[in-house]
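Every number here is computed from the coordinates shown, using simple stated rules; none is lab data. None of these values were measured; they are calculated from a predicted model. With ideal geometry, Cβ positions are generated from the backbone for all residues, glycine too; neighbour counts draw on all protein chains shown.
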Amino acid sequence: MLSFLARRLGLLIPTFLGVTLLTFALIRLIPGDPVEVMMGERRLDPQMHAEAMHRLGLDRPLHEQYLSYLGQLARGDLGQSLRTRESVWNEFAGLFPATVELALAALLLAGVLGLLAGTLAALKRGSILDHGTMGLALTGYSMPIFWWALVLIMFFSVELGWTPVSGRLDLLYDVPPVTGFMLVDTLLSDERGAFLDALRHLILPAIVLGTIPLAVIARMTRSAMLEVLREDYIRAARARGLSPARLVFVHALRNALVPVLTVFGLQVGSLLSGAVLTETLFSWPGIGKWLIEAIGARDYPVVQNGILLIAALVILVNFVVDILYGLANPRIRHRQ
Amino acid sequence: MNTSSLASEPAWPSPLRDFCRAFARNRGAFAALLFLALLALCALLAPWLAPFDPAAQHRDFLLTPPAWLEGGETRFPLGTDELGRDLLSRLIHGARLSLSIGLASVALSLLPGVLLGLCAGFFPRLLGPSIMRLMDIMLALPALLLAVAVVAVLGPGLLNTVLAIAIVSLPAYVRLTRAAVLGEIHRDYVTAAKLAGAGRLRLMFVAVLPNCLAPLIVQATLGFSAAILDAAALGFLGLGVQPPSPEWGSMLAAARDYIERAWWVVTLPGLAILSSVLAINLVGDGLRDALDPKLKNLA
């Protein structure tokens with residue numbers, strides 16, 4: 001197990017270094033002069049321009065620039081936003097819980113409904129229920145979620161007035177941030193009704209972000225379940241007289257979960273892609289909206305290191321999923 | 001002279017015929033293929049099919065509802081947008097943009113992807129692992145974010161959208177080709193070709209590549225639909241094809257402000273995206289089932 005861990009960790013480092021190379025190159029590949037781009041279109045006098053180049057270290061040779069960038073990263077210095085003068089790390093850390101809360105809500109929705117739908121479709125294979133569920137799943141998988149969000153807003157917010165259109169909490173409430181998770185913070189605070197309000201804000205974005213993972217999980221569960229139901233141990237369990245519900249939900253589903261979990265891990269990247277769109281649409285103050293706004297405002301330190309942080313996150317989650325998978329399946333652990 | 005005896009002979013099993021029969025049996029995929037053909041026709045003939053120039057503004061008819069609704073005009077079957085442009089014409093011209101972005105980005109990522117994948121499979125010592133590490137790095141970034149970053153560097157626009165999407169979808173082709181090559185490379189026919197004196201290039205392109213095509217065709221179909229979705233998402237974020245081009249995603253972005261009073265400008269471009277992506281995915285599922293019968297009953 002230790003050598004497996006070490007091997008996987010060894011793969012992690014070059015990948016991460018590669019990502020730093022990418023984010024380092026990003027800011028230098030911008031056509032034109034980065035200083036002019038950052039300072040805006042107004043004319044700079046040559047001396048100020050040279051000073052800015054020097055301050056940003058852009059007048060040194062490239063390899064020196066890269067090494068000093070790595071040195072900065074190693075010291076935990078991610079630079080500061082050009083707009084707010086706040087450090088990039090602080091901004092990220094402040095907004096990150098909002099994204100996590102949204103993503104967890106979406107995954108919870110997708111996981112529960114997807115497992116249920118996939119299992120039912122597999123059990124009733126070939127029936128109208130199966131065809132209907134899989135048709136819906138393919139539709140969900142093909143969904144342009146930014147449009148799906150607009151349709152849901154149009155119906156539930158504009159037409160019916162059930163849910164708010166943007167943000168995480170109504171301005172009426174004053175909830176002190178403790179954990180950064182609005183659902184937890186509103187419970188901890190003594191504001192009445194704040195929890196329900198936070199829930200109402202969360203529900204539509206969670207549905208939008210959960211749609212594609214839900215479709216993927218439903219399809220995966222169905223195929224994994226069909227595979228497992230053919231196995232001898234299922235027949236043996238049936239012969240022992242186990243009740244159908246116990247057979248399916250205890251014996252079969254547990255074994256069908258392994259491939260589904262892998263897909264779950266692989267979904268983190270696309271979940272973050274979806275979060276960019278969902279947060280922009282619902283004005284959800286998370287890191288996706290933050291990055292898109294930074295790109296719009298040409299706030300390059302935020303773009304550069306925000307992307308780096310997200311990539312690090314994806315690498316880390318995939319690493320953890322890998323390890324968990326290795327723990328569950330010795331065949332993977334011992335493969336060279 | 002021999003034709004009669006040939007015709008009565010039992011037909012040899014032909015992979016192509018088997019494939020066509022298997023595909024045609026899948027009614028959903030077949031219908032989707034017909035829909036796509038229709039869409040492609042619309043895209044090709046857009047200037048002649050569309051009733052109006054997609055950029056023409058009819059200032060007296062701002063946000064006219066579709067023809068079948070009260071206040072609708074028969075001249076504008078699907079209504080007009082906030083500048084009085086005919087929605088049907090814009091959707092037809094949008095099909096042109098979306099399909100060509102999809103095709104171009106699939107071509108631009110399929111070719112280098114297959115080449116890199118072949119190299120990664122055939123040179124397992126140094127070149128292979130370095131290519132795969134590079135792909136791992138690209139996979140560490142969420143696709144849309146990587147595309148956004150590429151556009152942030154190159155600037156928005158049609159060509160850069162294609163380029164960004166091609167870059168983002170490259171790793172999938174590389175990994176798939178490499179996996180297929182590794183599955184084939186130790187087969188007997190490859191050894192036989194090697195012993196018969198085939199050079200490395202011949203081994204790569206003539207012996208192995210044709211046998212790796214099935215998963216690549218399926219992946220290319222899925223890549224096509226993903227490209228349309230990503231292009232629309234970039235357009236929606238204002239980073240893709242720029243207005244006034246009738247790109248479906250950027251049409252949706254402009255329609256956001258009219259969500260409370262003109263449902264058609266919001267609903268119709270999205271339906272266009274959804275139906276074309278769904279049709280392509282249905283065809284992809286059908287292709288996978290027809291090309292690889294082993295997978296048929298699984299997914």
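Mind giving me the nanometre distance, one decimal, between the label points for A:LEU67 and A:ARG28, set 7 Å out from Cα along Cα→Cβ?
1.3
Considering every residue in A:11-17, what mean count of other chain Cβ atoms within 10 Å of its Cβ is obtained?
Going residue by residue through A:11-17 and averaging, the value is 3.
Averaging sequence separations of C-alpha pairs under 8 Å and six or more residues apart, then dividing by the length of the range A:91-330, give the relative contact order as a whole percent.
Details: 275 pairs, mean separation 69.1, N = 240.
Normalised by residue count, the contact order of the range A:91-330 is 29 percent.
Evaluate E = 1/(1 + (r/R0)^6) for A:HIS49 and A:ARG83, where r is the Cβ-Cβ distance and R0 equals 30 Å; express this FRET efficiency to the nearest 0.05.
0.90
Please give the average number of partner chain Cβ atoms lying within 10 Å of the Cβ of each residue in B:234-244, rounded to a whole number. Write out the running numbers ahead of the final one.
Working: counts 0, 1, 8, 7, 4, 3, 0, 0, 0, 0, 0.
The per-residue average across the peptide is 2.
Could you grab the relative contact order for the range A:202-287? Cα pairs under 8 Å, six or more apart, rounded to a whole percent.
Numbers: 43 pairs, mean separation 36.0, N = 86.
Relative contact order for the range A:202-287 comes out at 42 percent.
Calculate the mean, over all residues of peptide A:80-87, of how many other protein chain Cβ atoms lie within 10 angstrom of the residue's Cβ.
Mean number of neighbouring Cβ atoms from other chains: 0.
Roughly speaking, what is the stretch gain from B:ASP292 to B:HIS186, that is 0.36 nm per residue apart minus the C-alpha to C-alpha distance, in nm to one decimal? Present the calculation step by step, with values, prior to reporting the outcome.
Working: separation 106, 0.36 × 106 = 38.16 nm, distance 2.05 nm.
Result: 36.1 nm gained on full extension.
If you take the charge dipole of chain B about its Cα centre, with +1 on Lys and Arg Cβ and -1 on Asp and Glu Cβ, which of B:ILE217, B:THR267, B:ALA231 is farthest toward its positive end?
Toward the positive end, the furthest listed residue is B:ILE217.
Let a ≥ b ≥ c be the square roots of the eigenvalues of the Cα gyration tensor of the range B:1-155; is it rounded (a/c under 1.5), or, if not, prolate (a/b larger than b/c) or oblate?
Working: a/c = 3.36, a/b = 1.28, b/c = 2.62.
Oblate, because a/c is 1.5 or more while a/b does not exceed b/c.
Considering amide H positions built from the backbone, and no H for Pro or chain starts, which residues 5 or more places from A:GLN80, or on another chain, come under 5 Å of its amide H?
A:VAL88
Most mobile of A:PRO244, A:PRO205, A:PRO144 per a Gaussian network model of chain A (Cα springs, under 10 Å)?
Result for chain A, Cα springs under 10 Å: A:PRO244 fluctuates most.
Applying the Karplus parametrisation 6.51 cos²θ - 1.76 cosθ + 1.60 with θ = phi - 60° to the phi angles of the range B:95-100, what ³J(HN,Hα) value in whole Hz is obtained for each residue in order, glycine and proline being reported as x?
Calculated HN-Hα couplings, in order: 4, 4, 4, 4, 5, 6 Hz.
Compute the projected area of the convex hull of the Cα atoms of the range A:52-98, averaged over all viewing directions, and report it in nm² to one decimal place.
Quarter of the Cα hull surface area: 4.0 nm².
Could you work out the relative contact order of chain B? I mean the mean sequence separation of Cα pairs under 8 Å and 6+ apart, divided by the number of residues, in percent. Don't skip to the answer; put the middle values down first.
Working: 417 pairs, mean separation 66.4, N = 299.
Computed over chain B, the figure is 22 percent.
In a Debye calculation with equal point scatterers on the alpha-carbon sites of chain A and no solvent, what is log10 I(q)/I(0) at q = 0.08, 0.14, 0.15 Å⁻¹?
-0.52, -1.23, -1.30
Which of rounded, prolate or oblate describes the protein assembly as shown when judged by the alpha-carbon gyration tensor and an a/c cut-off of 1.5?
In terms of gyration-tensor shape, rounded.
Length gain on complete extension for the stretch A:ARG75 to A:LEU196, per 0.36 nm per residue less the alpha carbon to alpha carbon distance?
Extra length from A:ARG75 to A:LEU196 when fully extended: 39.4 nm.
Across chain A, where is the longest run that never hits trypsin sites (Lys or Arg not before Pro) in a DSSP loop with at most 11 other C-beta atoms within 10 Å?
No qualifying site falls inside A:86-191, the longest such stretch.
Using a Gaussian network model on chain A with a 10 Å cutoff between Cα atoms, which of A:LEU171, A:LEU17, A:LEU183 fluctuates the most?
For chain A, modelled as a Gaussian network with Cα springs under 10 Å, the answer is A:LEU171.
Run lengths n ≥ 4 of DSSP H only: what is the helix-derived mean residue ellipticity at 222 nm for chain B, with -39500 (n - 2.57) per run over all residues, to the nearest 500?
That calculation yields -22000 deg cm²/dmol at 222 nm.
Under a plain spin-label model, where a point goes 7 Å from the Cα along Cα-to-Cβ, how far apart in nm are A:ALA245 and B:ALA214?
4.2
In a Debye calculation with equal point scatterers on the alpha-carbon sites of chain B and no solvent, what is log10 I(q)/I(0) at q = 0.08, 0.14 Å⁻¹?
Relative scattering, expressed as log10 I(q)/I(0), comes to -0.47, -1.08.
Per 0.36 nm of contour for each residue apart, how much would the distance between A:LEU58 and A:ALA93 grow if the chain were fully extended, relative to their Cα-Cα spacing? Write out the running numbers ahead of the final one.
Working: separation 35, 0.36 × 35 = 12.60 nm, distance 2.79 nm.
Length difference between fully extended and current span is 9.8 nm.
Please find the FRET efficiency linking B:LEU34 to A:SER270, where r is the Cβ-Cβ separation and R0 is fixed at 35 Å, and quote it to the nearest 0.05.
On the way: r = 30 Å, r/R0 = 0.85.
FRET efficiency, B:LEU34 to A:SER270: 0.70.
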